[in-house]
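As C-alpha cells, the structure follows; a few thoughts come after it.
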Amino acid sequence: MSKKIIIGNWKMNPLTLKEAEKLFSGVIKGISGVKKTEVVICPPFLYLEKLTKIKTSKIKLGAQDAFWGDVGAFTGEVSAEMVYNLGARYVILGHSERRTLGESNLDINKKIKAALASGLSPILCVGENTRDESHSYFNLVKTQLEECLDGVKKASIAKIIIAYEPVWAISTTVGRKDTTPADSLEMTIFIRKILSDKFGSNDASQVRIIYGGSANEKDTEDFLKNGGVDGLLPGRASLDLKKFAEIIKIAENS
Ligand code: PGA
C-alpha cells in the first residue's frame with residue numbers, strides 16, 4: 001500500500017479568517033486517527049500565516065499560486081520564497097481557473113522553477129476543457145506537460161505532483177459531467193509515458209499523480225483503487241469538514 005496524498009483546494013473560501021481557523025482545526029480533529037496519509041490544505045494567501053500557527057503534525061499547508069519573481073516591483077504578486085518563508089511547503093500551479101484568467105504554460109513554467117528553487121513542491125494542474133471524438137485532448141495535456149516542465153531538472157522532478165483535472169468535471173463547470181476512474185487511469189498512463197520520455201522511467205516513476213474534478217467521499221475509494229492515482233485534489237468537498245475527513249479516512253485505508 002503506497003502512501004496517499006489528499007490536497008484540499010479551498011479556492012477563494014471561506015469569507016473570514018475565523019471560519020478558516022474553525023475549518024482547519026475541525027479537520028485536524030476529524031483525522032486524529034490518520035497516520036500515513038499525507039494531508040495538505042491550500043487556503044487563500046491571507047490565511048496562510050495564521051494557519052501555520054495552529055500546531056499539527058497531520059496537515060501541511062500550500063498556496064494556490066506563487067509568482068516567479070523573487071522580490072521587487074511586482075504589484076499584487078506573492079513570491080514562492082515568501083510562501084515558503086511563511087511555512088507552506090506546497091503550491092498549486094497552473095490551475096484551470098488561473099489559466100482562464102490568462103495564465104500561459106510559459107508563466108506556469110517560470111513559476112514551477114521559482115517554486116522549486118524556493119523549496120516548495122509544485123502541484124502542477126493539467127487537463128482539457130472538453131473531450132472530443134478524435135482524442136486531441138491527449139495532445140493538449142502533452143503540450144501542457146512539456147511546456148510547463150521545460151527545463152526542469154531530472155533531479156527535481158520527484159518533488160512535483162501532477163494533478164490531472166479535466167475542466168469538464170470540475171464542480172463549478174456549467175453542465176459538468178462525471179469522470180470515471182477509467183478516464184483517470186487512461187490519462188495517468190499517458191502522463192507517465194510523457195514524463196518517462198522526458199525524464200527517464202526511474203525519475204518519472206517517483207512523480208505522484210493525483211486526480212481532481214468534483215472528487216468526493218463517494219468516489220474516493222474507486223479513484224484510488226482504479227484511477228491510477230496516488231491521491232486526490234478536492235475543491236468543494238474540502239470545504240465540508242465531514243466530507244473532507246471522510247475522503248482522508250478512505251485514503252488511509254485504501
Ligand atoms: P472541485 O474543484 O472538487 O470543486 O471540482 C477541484 C479543483 O478545481 O481543484
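The values are calculated or read from the model by the stated rules, or taken from the named source; none is laboratory data. None of the values given here were measured: they were computed from a predicted structure. No Cβ is skipped: glycine too gets one built from the backbone with ideal geometry, and neighbour counts run over all protein chains shown. Note: areas computed on protein heavy atoms with side chains; ligands, DNA, RNA excluded. Shrake-Rupley method; radii C 1.70, N 1.55, O 1.52, S 1.80 Å.
So here's what we get for this one:
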{"read-out": "Top of LEU15, LEU145, LEU51 by mean-square fluctuation, Gaussian network on the chain, Cα under 10 Å", "value": "LEU15"}
{"read-out": "Kyte-Doolittle mean at least -0.5 and Cα axial length at least 20 Å: DSSP H helices in the chain", "value": "181-199"}
{"read-out": "Accessible area of the chain belonging to carbon and sulfur atoms, whole % at 1.4 Å probe", "value": "53"}
{"read-out": "Distance (nanometres) between label positions extended 7 Å along Cα→Cβ at ASP197 and ALA155", "value": "2.7"}
{"read-out": "Surface accessible to a 1.4 Å probe, per residue, for the residues of region 4-253, Å²", "value": "47"}
{"read-out": "Per residue Cα convex hull volume in Å³ - calculated over region 1-73", "value": "117"}
{"read-out": "Length released on extending from ALA182 to PHE45, taking residue separation times 0.36 nm less the Cα-Cα span", "value": "45.9 nm"}
{"read-out": "Residues of type lysines that LYS177 reaches as a straight line, Cα spacing below 27 Å, ignoring anything fewer than 8 places off in the same chain", "value": "LYS4, LYS11, LYS142, LYS193, LYS218, LYS225, LYS242, LYS243, LYS249"}
{"read-out": "log₁₀ of I(q)/I(0) at q = 0.08, 0.12 Å⁻¹ - the chain, Debye sum with one point per alpha carbon", "value": "-0.28, -0.65"}
